[in-house]
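Just below is one structure, and these are the notes that go with it.
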Amino acid sequence: MKRRVFLGASAAAATHWLWPESAGASSALVLVPIVAAGSPVTDISLGTLRRVFTSQPVSGPGGVSFVGFNQPAGARERELFDRVVLGMGPEEAARYWVDQRIRGGVRPPRSVPNVALLRQVVVRYPGAIGYVALSDLDASVRPVTINGAGPAAPGYPLR
Amino acid sequence: MTTRPGLRRALALSVLTALSRASVAAAQPKQEAQPEITAQPQVTAQPEATAQPTVAPSIPEQSVSLADLDSQLGAEPLAAAEPARGLSVYGFADAGWHKYFLRPGSLLRANLYEDNTFLVGNLNVYLSGELGGGWRSLVEVRFTYLPNGSRVVGAGGVQRTSTDAADYTNVSLPRQTGSILIERAWIEYAASAALSLRLGSWLTPYGIWNEDHGSPTIIPVTRPYVIGLEFLPERQTGLLLSGSAYLSDSLTLGYSLGISNGRGPIQEYADLDENKAVTARLQLNHHGAGDLHLGAAAYLGRYTNLDQVVQASGDTYVIDEPIREQYDELSWALDARYLIGGLHLQSEFVLSQRKFTERGRPMRTGSFEFQPDDRRLGGYVLGGYRFDWLGIMPYATAEFTSLLNYWETFRSPTRDVMTVYALGINSRPTTNVTLKLEGNLGLFHSEHAQGSGFEHPARAIQAQVAWAF
């Protein structure tokens, strides 16, 4: 089946109506997966996120491998993301990666020290997927829905 | 691997399916269902093998490397955020203490150092290389004090191997030398999620704790006896194909298919019979209410050990290769693991059948009868619960092993059954450190056990600190 790709609207406009609360985000932490603004990816499943962020090989459109980029360990965003997507708390996630490394050399996704750099990496690195707080979105990156749901949807997982 | 001898010693296709479906749009709330979006099918993540070629890559800098990225990002280089990924050196080690409680005069004393003993166990170093373009390599070596102190039981009693050598850097004073074991050394090319090719020496993909063999990750002090006995070879040298198919968002099917030299006295670099061994494994992982892992593996191979005798034949010499030992083996392994919250349930079962060839059936050591064919089997169950506080996990294990007696040559090759129970505490107070304290009880069931090492139960207390570095 031939798929068509939505590339017309600007990332900023898409951000506005896909994520209406981004103009006035509450203090509660809400995360959004992000890709480069020019990426054809608009939605991703929670399972795919989990695979990407456990360093399993997953390809996106055009055969480009997804590459996950984490927020730094200890960040609230990282903790929430690991808890929801990986199903692990900080200690458990840390143990998981130690065990994985000893098992066969599989390494965790790179962590990027700050959000500004993370956005730049996502824009520039092919296949990159990151995640930021809703309030940290800007026009350089595209927010991605999870299983078709945005932060306004009931049951949105990354909150 | 290479756990130290302990009481137990004595005693992981094609069905690639789209990961995420465009139909998820139907699940989107009304306020988000904008006309522009619904007119455009969502592009969702696809497994590599099913990637849509009609979607033109919209990311232009596909060849950008991290180094390139660093230079573009200017003052905040990405590579500086984490250690360089070219070559990574890390590993694990463990040290501990144990005390075995054996009956005076028990033959087990010939294999176990009974007295309470501190020891350094594993010291394994990994060299992991990201080689680019989908290539990576892993080399793991274990530094060991062996063979110094290794005991050989023979007619003359028990003798310890000495590796004393005159150290020329210290006025030739004696030094006990050790050795290096190559645990694995392979290079791998990942063609896609569905196919990776690994060449070299790799740990046989079966069960859980054969590959997951680092002491910080193993819950008990030592691995179950059935793993250490190598009913399937611990490692093989050859080609291993592996991959995963994402059957759904929560279900992953993995496979491994290996062809190797099989088991042999010098299997790492020579196949003495050109009879290649085949290993196959399927595993299913489900992530839902907890993580469920199921695996099944099979190994089919021929072991051959032969001598080489040079004989004169007229004006020439020929090499005769009489077979010293040869058998065919078929082994099966099943494994299951379920994790939910802190609960950890795990089990493995292995069955191995060994049939000697007509020319390759050896004599039993020290006797005048031939070694019989054997069916060996064993398994274990483990249950534990890890609390948040200090990462403490109380656990219990029960294991059994059944095989024909082959080590006590004064007894007939009748079936011995060993059951070992353990209660212990495993704690991971920090990410890289694991503390273990365990008590063991070994019960044996053997015909004609009188005078055997299995005549009486054996008990042990073991403690271990394992760390990853």
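Here is how the numbers come out for the structure above:
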quantity: Cα centre as origin, Lys/Arg/Asp/Glu Cβ charges: region A:17-146 dipole, Debye; calculated: 440
quantity: For region B:249-326, convex hull of alpha carbons as volume per residue, Å³; calculated: 98
quantity: Per-residue HN-Hα couplings for region B:129-142 [Karplus 6.51, -1.76, 1.60; θ = phi - 60°; Hz; x = Gly/Pro]; calculated: x, 8, 9, x, x, x, 9, 8, 9, 9, 10, 10, 10, 10
quantity: Exercise: per-residue mean of other protein chain Cβ atoms within 10 Å, B:420-431; calculated: 2
quantity: B:LEU390/B:VAL310 FRET efficiency (R0 60 Å; Cβ-Cβ; nearest 0.05); calculated: 0.40
quantity: Full-stretch length increase - B:GLU268, B:PHE410 - with 0.36 nm per residue and alpha-carbon distance subtracted; calculated: 47.8 nm
quantity: Whole-Hz couplings from phi, Karplus 6.51/-1.76/1.60, listed for region A:122-131; x for Gly and Pro; calculated: 4, 5, 9, 8, x, x, 5, 10, x, 8
quantity: Ranked packing of B:258-269, B:352-363, most packed first, by mean Cβ within 10 Å; calculated: B:258-269, B:352-363
quantity: Span from the region B:359-381 Cα centroid across to the region B:429-460 one, whole angstrom; calculated: 23
quantity: For A:45-52, mean number of other protein chain Cβ atoms within 10 Å; calculated: 6
quantity: Hz values of 3J(HN,Hα) by residue in region B:87-99 - Karplus curve (6.51, -1.76, 1.60), Gly and Pro given as x; calculated: 10, 10, 10, 7, x, 8, 8, 8, 9, x, 8, 8, 9
quantity: Percent breakdown of C-alpha pair distances by 5 Å bin, ordered from the shortest bin, for region A:17-146; calculated: 2, 11, 21, 25, 21, 12, 6, 2, 1, 0
quantity: Relative contact order of region A:17-146, defined on C-alpha pairs under 8 angstrom at six or more residues apart (%); calculated: 45
quantity: Given charges at beta-carbon only (K, R positive; D, E negative), |dipole| of region B:144-208 in Debye; calculated: 140
quantity: Value of Rg to Rh for region B:129-260 (Rh from inverse mean 1/r over Cα pairs, i.e. Kirkwood); calculated: 1.11
quantity: Taking region B:334-469 and dividing mean pair separation by its residue count, relative contact order in percent (alpha carbons under 8 Å, at least six apart); calculated: 16
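Each reported figure results from applying straightforward, stated rules to the coordinates on display, with no laboratory input. Note that the structure is a prediction, hence the values are computed from the model and not measured. Cβ sites come from the backbone with ideal geometry, for glycine too, and all protein chains shown count toward neighbours.
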